[in-house]
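Report on one structure; see the data block that follows.
The values are calculated or read from the model by the stated rules, or taken from the named source; none is laboratory data. All figures in this text were calculated on a predicted structure; none of them were measured in a lab. All Cβ positions, glycine included, derive from the backbone under ideal geometry; neighbour counts span all protein chains shown.
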Amino acid sequence: MLQSRLTELPLPTDIFREIASCIPPRNATEILNFALTSKHIYACVSSFLYHEIEVRDFKRANTLIQHLLIRPAQARLVHQLILRPNYLRMTSKKRLLKERELALVLQRLAPNLPHLRKFVWDGLEIPESDLWAALRAGCPLLKEIGTNLGCEQFDFDSELFAFSGLQSFSLTTELHGGRYDVPNPDLFPFGDQLPPALWTMIVDRSPHLRSLVVGDIGATLCGNRRLDIRPMMRARWQNLESLSLDTVSVSHSDDFMISRREKQLPFIREPEIVAFNEIKGDDILARYSFNTSP
């Protein structure tokens, strides 16, 4: 009875859309419940179900990508896509192979994602360069990207580092239980060197960066990669609002005193609100984060 009455309500379509727009995208269940109230309301607000998508399972991620691949009209509604195909799972050759197959399918979907603004691949390893090239070509509005670096080495020529004008970038280092051979400290005293193209992308070509994550070990709390972020010290991000660094190397401990943090981190807009959670070990800034958002 209720469904029949709602269907016959002589209300403008814009009212239903306005209601749906007031529901935070993270509350997808509430949006779905509202959409299922009647066929008429579903037709009005179903597009909101695809604005922000986060999937924490390989099977669901694969089903989603396949679904959008054969329904390009729905794919064009996606603004944010976060894929965690092996969330809280340990690494294995089989799972890594499946992830790479998923990335190939996603590569085919990229041309149908013209309104995509944020993409995060939180997998076992960084996807192949071709995926990033496809996203950069097919998603002109994409300004927020993120990925996870597991046990493998960087592809220094990856198209991941070819973006410009980014507003947000994240590079996590969650190993998912995998084995990582720590570089010889005599040869690499500051840890893993990141590709120069990465610094060119976020420092030189992304002056309006608002959020940066480097080195987060993720939900499994499994990671021992130490990243050399010394090139970041020349950055000047006047709009930076959020910064998270975990197990990174910034300078020799004698040179990195808390009292001199403003000089060491010149890109911070309001250094007085910066809080050091922990500093330990030679050359390691273990955990450091700040946020200027109210």
Could you check the range 200-294 for strands (runs of 3 or more DSSP E) lying wholly inside it with 2 or more residues that are at pLDDT below 85? 242-249, 275-278, 284-291
The conditions are (1) of a type in the set (Ser, Thr, Tyr); (2) modelled with pLDDT under 95; (3) out of contact with any strand residue (DSSP E or B) (no Cβ under 9 Å at 6 or more places or on another chain), and Ser158 fails exactly one of them. Which is it? (2)
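Got a sec? Which strands (runs of 3 or more DSSP E) wholly within the range 21-129 have at least 1 residues that are at pLDDT 95 or above, under 25 Å from Leu149 (Cα atoms) and over 16 Å from the mean Cα position of the chain (by Cα)? Walk me through it before giving the result.
Working: elements: 52-55, 80-83, 118-121.
Ranges flagged: none.
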Starting from the range 103-121, take each residue that is of a type in the set (Gly, Ala, Ser) and list its partners that are in a strand (DSSP E or B), counting only C-beta distances under 9 angstrom and pairs at least six apart or across chains. Ala103/Trp121
Applying the selection to the range 135-158, what residues are surrounded by fewer than 21 Cβ atoms within 10 Å (Cβ to Cβ), over 11 Å from the mean Cα position of the chain (by Cα) and not in a loop (DSSP other than H, G, I, E, B)? Arg136, Ala137, Gly138
